[in-house]
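The values are calculated or read from the model by the stated rules, or taken from the named source; none is laboratory data. Keep in mind it's a predicted model, so treat the numbers as computed, not measured. Cβ atoms come from the backbone with ideal geometry, glycine included; neighbour counts cover every protein chain shown.
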């Protein structure tokens, strides 16, 4: 009831005051009427500042209206109003200060204000200070975003002012952080900036580095003597590191402190331009095919005054020696740059450590991919001694199985759950068939097994091409595997890689369980160590070999599904992994699942390590890795985890 | 009698299993020696160590008048110094003729360039013929050795060993799978060979050892259990316990 | 044993006679020198096939006779091609550049010529500097020496490392494959100095030679035939003597050869290096006929195909390797070139371009399983060559020793 009374009172009040134009905002607007009406980016600044500085609550709405091109000027008296389209060609005007409708006017009586994008950006900045305290949480957040995007000195006071009253804890923390960052960049007091730098230097966020780095921007200068007032980062000695004499001289040339150098091209062009009767400066043209002859001819032209004189090394050295060269910080305050430098050094160390952690995570995930690809091989090659060049094609078959399953079952989560056993079944069957039909006849001839399985490999690859075409097929991961687990601005790992890591662990456990706890595992080990003895103990070596090979192939199929989730599924998928897989098994040590794990770990870390040293070039990384492995095998021919003694064979 | 080969205090273990345990052994220049022992006594490993196939964990292996240590040498270098080895299972190059097998074994340059430009001289061919006659394979010179009978392969291998003209012959179960006559022939060959060089025969067959009529070394669990004449060792209580008594 | 080499190996004479006859017939039928029945491109195909036969002979020497299944010989082949390609490309570009620059008003200095050649050759990889590996590219003689020296040295170093540490059997195969992959990946980089995946091109144009391609192709055919003949002769001479006896011994039982006092590693290294040089020579003759070389050619799969040819032809006999290489590579050209007729099955038409690889892979499995002697084995039916019953013992050294070990344990 009381409120209603107040509202009606206010309404009466506004009606009374509307014509009197006593309200502050319109007054300010009128003070700057000319510039506002002119809408020029160059001159509008004071007007916007005045509006924003008024601190009137209605200023926010006025600025928003202006930016939205809904502000109109009444031509009759030059007053500004918010306009909204009425009937026909009329507009309904509202007063900014009172919020009362002034009336409806024809568009001919009005002029619309159309701020250009530059002005709108300025208005946006001015608005931020209002939005910082806006009751709408979303508006406050977007204000913070816009400050972060385009930080400015003027935003610092309103930001500071808004912190105290901020009700939301999260936003308050963000505001405080942003306040510190802005302080670093824009506070007028050096001590406050240094203090802010010291406050922040425990973090490693990108925003902090973005705030600190501009403080350390340098520009290169040349002067007859070192100036006293400049904040000098480094004095450069021409001819030493960082600045060659030629570069130094070019700097002089750029400042018009020395004549430009004459390049070889200039000489040639100059000579060509001054050919007189087959000669240039007394030298026959035909003889101008050495630098010495050209220099002689050019010197003759220079003496004649036809061309500028050659700048010799000595000239350059002399010119350079007469000046000092230095890099100076753009930031004038020495205390600030020093603090920033120290803070950045500390941050760099911390970032370095975090990058190492990130690299290690990457390496672990690469290692688990290699482990997944190699684990089947560790069984067939490592345990059975059968070299299967078609292993990579089994991986490919697994990936294509996943693709086909996704065509039938559109739900990604369900399809992956179905695809894994399906891939195992398909490749298990293929492995068993291959073992029955080909490999069992070649157990005593490993080199021929290599060749026969290679034949199968090229046939399978071509078959895949014939069936699925040459273009890559998608195998899409379920939505919940999208995204990454972010620790901080440096360290993050995608969920899919975590899933692969977990899958690798599951396989390790599964393999250990099968090998150590099941009948098949027992028979497998028995047949591996002594097939004849195992045979006489009532174990059927043929059956065990078949199942073992099927198991290895089946795991390759599941690995294919996993790899297909992040790599493109093509017919070449397998051959991309086959050499690395063999390397993993060989480096790790044959005949031992831990060997495969160690090998995968080593190769994964090695590859990431080399990539880190030379990040631009993964090809080089692979090359060096293989070379390293070849050398490694010199020292541990039987791999990291080697069987010893007579069992290892010689 | 001067010592040709001296093995002293040699031990080797595989994955914790001690195959050879502080073994010492010596043999003179022209001596025939039989080494016997139960399965797993370390007979084959013993030969592996002498020929450089297995490196012992500790101990010394000293060769010849100049007392060269064999431990750092490769198998090929050891063979070139004059140690020949015959394997338990006959290992001849089955895809090559008897003549080629013998020519390959014949004492000559072993360097690859020398071998590349090697052309057999009349002397070499004569030596091969003589050896073939000695091992009873003169008729088979141009036959692929893979086509020979088991016993003939054994002889061919002994012939190859002799062609190397080694100063020490290590022979692993030469009589395995041979008929009585063939055994007799083999015994003769070995006894004949031992006149001019040292011969170590590893054998299971007591009858065969008796016929060799030489000093016997009994190995057990990687070390020497007893040494002496066959009669001496067969009356040794330890030997009876671990080997003969069963 | 005291008869002459040729008398002991009549097949060498037969082979050389057939090779000469083949060369003569092709020359007579060619466009360049004869009646023009055979197109120039087919002459080139035949010339290239002869080079492939030569590398197959090398492969047979190292695999069929010594038992080292090298999956790296195509790397040496490619390196040989690169070495000669560098000179061809440099010299040809130099001629073009000099010609273009002679039009300029001021005659070029030598360094300007070199810079211009550099920017011509390396423009595609965004560079114009000559990398160090091109230091000798201006000299035909030096570059010809490098054809043999570079692959030879690589084989020597790699082989020394591998054989010294007693890597044998499939391990060695995988290691050679890794070496090939490393080399190919290295060459794929733009900053390897050999134009990355662009490779070297325009190699079919001999600098300074004005003769047309139909003439040049015959020259290369002759050169390839000569190289194959000499290579075959060399290989046959090597395997016929005691050296051959030793390397076959190494193949069948490495340990036994060692106990005979032969330093197995040195022999393997000698064969590996020698065959690498042979492969390089074959490559140096092949790529001028192909016209282009890029790292793709050196991918591990090429070397595996080489093993396929030798296996299908019949390893352990030199003519088998030649037959295998010629047969499979020509057949492959026929099938993949789209010349083979499609087979309509009503519901599906078999296009051989798509199915040739399947056929090749399948037949390769069948040959390995049922005809380990390969095509060359057919000659045994005719000549009644008898094979010893090896009781299932394997040709390879590793398997041989494996069985040996089982027997002695």
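Side notes on the structure shown:
- Total residues in the stretch B:97-135 satisfying the condition of being under 13 Å from residue B:157 (Cβ atoms) and in contact (Cβ under 8 Å) with a residue 40 or more places away in the chain: the figure is 6.
- Looking across the stretch A:460-480 at every residue that is surrounded by fewer than 19 Cβ atoms within 10 Å (Cβ to Cβ) and touching a strand residue (DSSP E or B) at 6+ places or on another chain (Cβ under 9 Å), the one that is nearest to residue A:498 (Cα to Cα) is identified as A:474.
- Counted residues, the stretch A:163-208 - those being under 20 Å from residue A:344 (Cβ atoms) and not in a helix (DSSP H, G or I): 6
- Qualifying position, being surrounded by 21 or more Cβ atoms within 10 Å (Cβ to Cβ), touching a residue at least 24 places away in the same chain (Cβ under 8 Å) and assigned to a helix (DSSP H, G or I), among A:335, A:339: A:339
- Residue within the stretch A:256-263 that is part of a loop (DSSP other than H, G, I, E, B), within 14 Å of chain C (Cβ to nearest Cβ), surrounded by 16 or more Cβ atoms within 10 Å (Cβ to Cβ) and at pLDDT below 85 present: no
- Looking at A:417, A:409, just one residue is assigned by TED's automatic domain parsing to the domain that holds residue A:552, at pLDDT 85 or above, surrounded by fewer than 19 Cβ atoms within 10 Å (Cβ to Cβ) and touching a helix residue (DSSP H, G or I) at 6+ places or on another chain (Cβ under 6 Å), and that residue is A:409.
- Complete set of residues in the stretch B:69-85 that are at pLDDT below 85 and either within 29 Å of residue B:123 (Cβ to Cβ) or at the interface with chain C (Cβ under 9 Å from one of its Cβ atoms) (or both): none
- The stretch C:258-268, subset surrounded by 24 or more Cβ atoms within 10 Å (Cβ to Cβ) and at pLDDT 90 or above, residue farthest from the other protein chains (Cβ to nearest Cβ): C:268
- Exactly one residue out of A:283, A:253 is within 14 Å of residue A:315 (Cα to Cα) and either without any contact (Cβ under 8 Å) to a residue 40 or more places away in the chain or exposed (fewer than 13 other Cβ atoms within 10 Å of the Cβ) (or both), and it is A:253.
- Residue within the stretch C:91-102 that is more than 34 Å from the chain's Cα centre (by Cα), in a helix (DSSP H, G or I) and more than 14 Å from chain A (Cβ to nearest Cβ) present: yes
- The number of residues in the stretch A:443-456 that are in a helix (DSSP H, G or I) and facing another protein chain (nearest Cβ under 7 Å) comes to 9.
- Scanning the stretch C:1-19 for residues that are at pLDDT below 75 and not in a helix (DSSP H, G or I) yields a total of 4.
- Flag for residue B:80 being buried (at least 17 other Cβ atoms within 10 Å of the Cβ), within 16 Å of residue B:169 (Cα to Cα) and out of contact with any helix residue (DSSP H, G or I) (no Cβ under 6 Å at 6 or more places or on another chain): yes
- Lone qualifier among A:318, A:258 - being in contact with a helix residue (DSSP H, G or I) (Cβ under 8 Å, 6 or more places away or on another chain), more than 30 Å from residue A:190 (Cβ to Cβ) and not assigned by TED's automatic domain parsing to the domain that holds residue A:191: A:258
- Residue within the stretch C:118-136 that is under 13 Å from residue C:86 (Cα atoms), at pLDDT 85 or above, more than 9 Å from chain A (Cβ to nearest Cβ) and within 19 Å of the chain's Cα centre (by Cα) present: no
- Residue A:397 being in contact (Cβ under 8 Å) with a residue 24 or more places away in the chain and away from chain C (no Cβ under 14 Å): yes
- Residue match in the stretch C:270-280 (condition: without any contact (Cβ under 8 Å) to a residue 40 or more places away in the chain, under 30 Å from residue B:107 (Cα atoms) and either assigned to a helix (DSSP H, G or I) or within 18 Å of the chain's Cα centre (by Cα) (or both)): yes
- When each of A:300, A:293 is tested for being free of Cβ contacts under 8 Å to residues at least 24 places away in the same chain, in contact with a strand residue (DSSP E or B) (Cβ under 6 Å, 6 or more places away or on another chain), over 30 Å from residue A:325 (Cα atoms) and surrounded by 16 or more Cβ atoms within 10 Å (Cβ to Cβ), the lone residue that passes is A:293.
- The residue list A:270, A:211, A:196, A:233 contains one member that is within 14 Å of chain C (Cβ to nearest Cβ), in contact with a helix residue (DSSP H, G or I) (Cβ under 8 Å, 6 or more places away or on another chain) and surrounded by 13 or more Cβ atoms within 10 Å (Cβ to Cβ), which is A:270.
- Helices (runs of 4 or more DSSP H) wholly inside the stretch A:1-86 that include at least 2 residues being surrounded by 16 or more Cβ atoms within 10 Å (Cβ to Cβ), in contact with a strand residue (DSSP E or B) (Cβ under 6 Å, 6 or more places away or on another chain) and modelled with pLDDT under 80: none
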